[in-house]
Amino acid sequence: MNIKKFLSIKIHKSMIQSGIPSKYNVILRPCKKKIFGNYQINGIISAAIHLKMNPNDLAKKVVKNLKLNNILSKITISQTGYINFFLKKKWLSNQINLLMISKKLGLTENIIFKNIVVDYSSPNIAKEMHVGHLRSTIIGDSMVRILSFVGHNVIKSNHIGDWGTQFGMLIAFLKLKNKKIDFLLSDIEKLYKQAQKKYVKDINFTKLAKYYVVKLQQKDSSCLKIWKKIVNITMNYNYQLYNKLNIKLTHRDTMGESKYHDMIPNIIKDLKKKGIAVNNNGTIMIPIKGIQNKKGKLMAIIIQKQDGAYLYATIDIACIKYRYDIFKADRIIYYVDSRQNQYLNQIFQIVRNAKYVPNNLQLEHHMFGMILNKNNKPFKTREGTNIKLNYLIDESIIRAKNIILKKNPLIKTKILEDLSKKIGIGAIKYADLSKNRINNYIFSWEKMLSLNGNTSLYIQYAYVRAISLLKKANINLNNFLNLEISFISSYEFDLAISFLDFEEIIFKIVNKGIPHLLCNWLYKITVLFSSFYENCNILNIKDIKLKISRLKIVFLTSLFLKQGLYLLGIDVIKKI
């Protein structure tokens with residue numbers, strides 16, 4: 001359940017009954033100090049000023065109208081009108097027992113089912129993925145997991161640029177050099193760099209490359225053959241990386257620009273007919289109202305060049321139309337870096353003006369910041385090139401392996417390989433996901449692979465402790481589902497009450513696309529569990545009721561940690 005939402009609804013009804021206008025919302029927060037209670041209402045003072053009442057008197061009136069005797073053990077009111085709630089231990093015990101049998105760890109909110117397209121990863125064709133692709137890939141993957149978990153139909157879309165100028169350059173270069181494509185992606189990338197240099201310096205080659213772009217878009221068989229090989233080599237390499245990273249993207253989710261190519265002529269014709277697109281000396285463009293360039297002139301997006309070639313914008317317009325027409329999308333989320341924000345908003349404006357999507361379709365750009373080095377510069381190699389994602393993954397696994405060997409030098413090789421992969425991959429993903437996506441962050445091997453602090457390894461290790469306790473206890477807790485929880489200490493009470501925040505956290509992420517909230521909550525649970533583990537006797541207790549009670553809390557901790565890490569795309573470990 002969402003404890004704050006549940007209490008807020010009850011309180012708001014009481015506020016209205018007490019004469020407070022409905023516009024005054026409930027501000028319910030956890031108390032900073034336990035002596036004041038578990039939750040506090042802070043919205044009474046402003047309402048009292050409006051009603052010209054003493055805040056303390058108004059608070060007393062609100063409390064009198066509250067019907068929470070079965071939930072609260074005590075309510076206190078400060079002189080300034082703050083209302084403090086103390087939850088009943090018996091009520092909390094009942095909620096914990098309900099969690100033991102719930103299918104989705106207490107999620108009770110009935111969602112409005114949606115078809116949601118999530119656009120993420122989007123690697124470059126003819127190039128190896130680098131660290132710059134990390135954030136889009138793992139944030140998008142986590143959001144897919146979370147949206148699916150609450151019950152939405154999620155359509156994964158790995159939108160790849162497989163139809164642009166780079167193919168004209170590559171095809172022209174390969175034909176000039178009379179080369180066959182029977183090599184690795186790294187070799188294709190080298191050829192691409194050579195083609196880029198020639199494209200800039202050789203005007204004849206530039207014309208030839210543009211010629212082959214148009215030929216490809218006209219589906220010339222020779223160009224298509226080269227194009228297919230380059231795309232297949234690139235994406236087969238990327239699917240291996242996704243598998244390493246535990247990312248749920250396959251060839252079925254890959255939707256290249258070429259997919260929408262046949263739609264474009266009709267779209268351009270339609271945009272011109274509606275007066276949205278105009279012909280400017282053979283170039284088809286869309287003026288963007290309200291947005292000016294550096295020279296103070298209205299900006300325009302080009303959708304077709306004079307030579308007939310289409311641009312990214314043309315594809316993106318067709319793509320949104322396709323997603324609405326074919327997928328029946330109710331919501332489309334883009335995980336693209338912040339530099340594309342203005343451009344995407346322009347595309348959103350165009351498709352709405354053209355009536356390709358209804359006004360109630362949610363078009364969202366969930367932008368994110370950059371990964372920086374310790375000097376606050378973009379995270380790159382010493383040579384200034386982007387770090388390959390494959391290198392980053394392998395390096396993290398090696399470092400994880402060294403940590404494991406220091407703790408357990410006699411560990412079996414097979415177990416070592418499995419553990420180092422789960423810890424290494426988890427460290428990379430959690431280090432990124434635990435940061436608010438809109439911010440830049442500094443990359444640090446030392447912090448991400450620490451056994452202390454807000455890291456995946458710290459949480460994975462807590463899970464190891466929890467399942468180890470359950471294994472040693474060897475008790476079937478299903479036989480004690482109705483046994484009341486004994487909250488003898490604040491350690492177990494604080495941990496149990498934190499479980500009730502899970503639904504609130506999940507739906508905040510669903511609405512805003514900010515999975516760092518889940519990381520923060522998992523870290524909080526881990527810290528509270530560690531205190532509980534270190535300060536409360538769990539296994540060696542004569543009181544069987546207290547033992548079962550504490551094992552239930554351990555069991556639920558293990559469930560929340562496992563489910564939470566899964567939603568982040570991170571595997572749990574069973575030993576270290």
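Exactly one residue among Gly513, Gly569, Gly564 is in contact with a strand residue (DSSP E or B) (Cβ under 8 Å, 6 or more places away or on another chain) and under 19 Å from Asp432 (Cα atoms), and that residue is Gly513. The single condition among (1) touching a residue at least 12 places away in the same chain (Cβ under 8 Å); (2) closer than 28 Å to Ser221 by Cβ that Ile138 does not satisfy is (2). In the range 273-288, of all residues being closer than 17 Å to Lys355 by Cα and touching a strand residue (DSSP E or B) at 6+ places or on another chain (Cβ under 7 Å), the one that is surrounded by the most Cβ atoms within 10 Å (Cβ to Cβ) corresponds to Ala277. Could we say that Ile45 is more than 24 Å from Phe493 (Cα to Cα) and surrounded by fewer than 18 Cβ atoms within 10 Å (Cβ to Cβ) here? Yes: the conditions hold for Ile45. In this structure, does Ile160 turn out to be under 25 Å from the mean Cα position of the chain (by Cα), hydrophobic (A, V, I, L, M, F, W, C), in the same structural domain as Leu245 (by TED's automatic domain parsing) and modelled with pLDDT under 95? Judged against the criteria, Ile160 is a match. Scanning the range 313-350 for residues that are among the hydrophobic types (A, V, I, L, M, F, W, C), closer than 15 Å to Met255 by Cα, assigned to a helix (DSSP H, G or I) and within 24 Å of the chain's Cα centre (by Cα) yields Cys319, Ile320. Taking the range 393-438 as the range and being closer than 14 Å to Leu565 by Cβ, in contact with a Gly (Cβ under 7 Å, 6 or more places away or on another chain) and assigned to a loop (DSSP other than H, G, I, E, B) as the test, no residue passes. The C-beta contact set for the range 199-212 (first residue assigned by TED's automatic domain parsing to the domain that holds Gly308, second residue assigned to a helix (DSSP H, G or I) and of a type in the set (A, V, I, L, M), distance under 6 angstrom, 6+ apart or interchain) comprises Tyr199/Met169; Tyr199/Ala209; Leu208/Ala172; Ala209/Met169; Ala209/Ala172; Tyr212/Ile171; Tyr212/Ala172. Candidates in the range 98-132 are the residues that are among the acidic types (Asp, Glu) and in the same structural domain as Asn360 (by TED's automatic domain parsing); of these, the one that is surrounded by the most Cβ atoms within 10 Å (Cβ to Cβ) is Asp119.
Selection of strands (runs of 3 or more DSSP E) fully inside the range 73-174 by the criterion of at least 1 residues being among the β-branched types (Val, Ile, Thr), closer than 28 Å to Arg252 by Cβ and touching a Pro at 6+ places or on another chain (Cβ under 6 Å) returns nothing. Specify the residue that is surrounded by the fewest Cβ atoms within 10 Å (Cβ to Cβ); the eligible residues are those in the range 346-383 that are farther than 16 Å from Ile332 by Cα and of a type in the set (Val, Ile, Thr). For the range 346-383, the residue satisfying everything is Thr381.
If only residues of the range 11-28 that are under 32 Å from the mean Cα position of the chain (by Cα) and hydrophobic (A, V, I, L, M, F, W, C) are counted, the one that is surrounded by the fewest Cβ atoms within 10 Å (Cβ to Cβ) is Ile27.
Within the range 358-384, the set of residues being on the phi > 0 side of the Ramachandran plot and not small (Gly, Ala, Ser) comprises Asn376 only.
A single entry from Ile428, Ile403, Ile415 fulfils the requirement of being β-branched (Val, Ile, Thr) and surrounded by fewer than 17 Cβ atoms within 10 Å (Cβ to Cβ): Ile415. Among the conditions (1) in contact with a strand residue (DSSP E or B) (Cβ under 7 Å, 6 or more places away or on another chain); (2) in a loop (DSSP other than H, G, I, E, B); (3) among the hydrophobic types (A, V, I, L, M, F, W, C), the only one that Met1 does not satisfy is (1). Does Val200 satisfy the condition of being surrounded by fewer than 15 Cβ atoms within 10 Å (Cβ to Cβ) and outside any loop (DSSP other than H, G, I, E, B)? Considered against the rule, which asks whether it is surrounded by fewer than 15 Cβ atoms within 10 Å (Cβ to Cβ) and outside any loop (DSSP other than H, G, I, E, B), Val200 comes out as yes.
Pairs needed: first member in the range 389-402, without any contact (Cβ under 8 Å) to a residue 40 or more places away in the chain; second member anywhere, assigned to a helix (DSSP H, G or I); C-beta distance under 6 Å; at least 6 residues apart or different chains. Hits for this filter: Ile397/Ser420; Ile397/Lys421; Ile397/Gly424; Lys401/Ser420.
Taking the range 479-576 as the region of interest, the helices (runs of 4 or more DSSP H) fully inside it that hold 3 or more residues being in contact with a Lys or Arg (Cβ under 8 Å, 6 or more places away or on another chain) are 490-499, 516-535.
The values are calculated or read from the model by the stated rules, or taken from the named source; none is laboratory data. Please read all numbers here as calculations on a predicted model, not as lab measurements. Cβ: placed from backbone, ideal geometry, glycine included. Neighbour counts: every protein chain shown.
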